[in-house]
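Have a look at the structure below, then the notes.
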Amino acid sequence: MSASPVGNHLRRLRFDHGEMTQDALARAAGVTRQTVIALEAGRYAPSLELAFRLARVFGKRVDEVFFWRDDAAD
Amino acid sequence: MRILVVILLSAACGVLLAGPWIDWPFPPGQIGLVLMLAAALALRRYWARRAARRGDEPGEPEREVWHGLASTSLIGAQIATALYLAGPGLALHSTQAHALGATAWTLIAGAVASWFILHRREVPRDERDLAIAARAHRLSGHVLATLVVALALLLGFTPPARLQPMSHVFLAHLLLMGLVLASLAHHALQLWGYRDDAGGREDAG
């Protein structure tokens, strides 16, 4: 699967939030741990709903968690 | 590669359970059921060990697909072999048909029981799993359509003299085999999707 044009700061945010585990984030967002792994590796772009749920876990706005990669084609 | 190995190994078990080459001490269906339960227990231990050591074990939805692939392959091969050995004149109330039915249904019970062994009551399926399943569903739909067209052509162009010996039970099972093959393709394509999603690493699963 090619890299997603949508990047994220999930890994950093997890560590900033008391070194939250992937499993804890997955449970909080209602997804599998494998999906968190795919998101952090940049292999999967979440739906808008999941992006909001993930942002809410960290108390951030969506654009503070996700960003468009500069090297991605428009 | 791993997907193919699981399909072939499970199919080989199905063929051996249906064939007359081994004189099983118990009914073949029961042997298959015990085999499925033992495989599920071993797999659960293996995945638990991987989770503890490497943290790259498959998630709940992917586990279900692996289980579906192995079960479908085993049961499909058992039915196909029994059908081949019985021949096109397979009668509904015959020893062969009864043996086929008893073995197949016992194996289906084994598939259900082994699913409960592997099931972990976690997040059932999230949007990524649904996306992978949807892609596989679309492609396996094409596989099913191709098989139905192939079967229709076969039935349409086979000389009547060769069609007449085919019993309705045999033809019904041929249709079922089409569904089994499409289901097998569905499971394999889903696992291919998971493998692709994991960066194409060979040990996905």
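The values are calculated or read from the model by the stated rules, or taken from the named source; none is laboratory data. All values reported here derive from a predicted model rather than from experimental measurement. In this analysis, Cβ positions are derived from the backbone assuming ideal geometry, glycine residues included, and neighbour counts consider all displayed protein chains.
Can you tell me how many residues within the stretch A:35-71 are crowded, with 16+ Cβ neighbours inside 10 Å and in contact with an Asp or Glu (Cβ under 9 Å, 6 or more places away or on another chain)?
Final tally of qualifying residues: 10.
Does A:Ala3 satisfy the condition of being in a helix (DSSP H, G or I), surrounded by fewer than 17 Cβ atoms within 10 Å (Cβ to Cβ) and aliphatic (A, V, I, L, M)?
Details: in a helix (DSSP H, G or I): no; surrounded by fewer than 17 Cβ atoms within 10 Å (Cβ to Cβ): yes; aliphatic (A, V, I, L, M): yes.
No, not satisfied.
Of the residues that sit in the stretch B:91-135 and are β-branched (Val, Ile, Thr) and within 13 Å of another protein chain (Cβ to nearest Cβ), which one is farthest from B:Met36 (Cα to Cα)?
The selected residue is B:Ile132.
For the stretch A:7-30, enumerate the residues that are assigned to a loop (DSSP other than H, G, I, E, B), under 11 Å from the mean Cα position of the chain (by Cα) and at the interface with chain B (Cβ under 9 Å from one of its Cβ atoms). Break it down into steps so the answer makes sense when it comes.
Within the stretch A:7-30, the subset assigned to a loop (DSSP other than H, G, I, E, B) is A:9, A:17-21, A:30.
Checking the rest, the ones that are also under 11 Å from the mean Cα position of the chain (by Cα) come to A:9.
Listed by number, the list is empty, since nothing qualifies.
What's the number of the only condition in (1) at pLDDT below 90; (2) touching a Phe, Trp or Tyr at 6+ places or on another chain (Cβ under 9 Å) that B:Gly68 fails to meet?
(1)
Which residue out of B:Ala131, B:Ala145, B:Ala161, B:Ala111 is at pLDDT below 90 and either assigned to a helix (DSSP H, G or I) or loosely packed, with under 14 Cβ neighbours inside 10 Å (or both)? Please lay out each step first, then the result.
Numbers: B:Ala131 fails: at pLDDT below 90; B:Ala145 fails: at pLDDT below 90; B:Ala111 fails: at pLDDT below 90.
Step by step, each of B:Ala131, B:Ala145, B:Ala161, B:Ala111 is checked, and only B:Ala161 is at pLDDT below 90 and either assigned to a helix (DSSP H, G or I) or loosely packed, with under 14 Cβ neighbours inside 10 Å (or both).
Each row is one residue, and each column tells you yes or no for (1) under 17 Å from the mean Cα position of the chain (by Cα); (2) in contact (Cβ under 8 Å) with a residue 60 or more places away in the chain.
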| residue | (1), (2) |
| --- | --- |
| B:Gly32 | yes, yes |
| B:Ala42 | no, no |
| B:Arg63 | yes, no |
| B:Thr72 | yes, yes |
| B:Gln78 | yes, yes |
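So which residues in the stretch A:37-69 are under 12 Å from A:His9 (Cα atoms), within 14 Å of another protein chain (Cβ to nearest Cβ) and either of a type in the set (A, V, I, L, M) or in contact with a Cys (Cβ under 8 Å, 6 or more places away or on another chain) (or both), if there are any at all?
A:Leu39, A:Ala41, A:Ala51, A:Leu54
Based on what the data block shows, is A:Arg53 basic (Lys, Arg) and out of contact with any Pro (no Cβ under 9 Å at 6 or more places or on another chain)? Before you say what the answer is, go through the steps one by one.
Values: basic (Lys, Arg): yes; out of contact with any Pro (no Cβ under 9 Å at 6 or more places or on another chain): no.
Taking the combined requirement at face value, the residue does not satisfy it.
When you go through (1) at pLDDT 90 or above; (2) surrounded by fewer than 17 Cβ atoms within 10 Å (Cβ to Cβ); (3) under 30 Å from B:Leu171 (Cβ atoms) one by one for B:His93, which number turns out not to apply?
It fails just one condition, (1).
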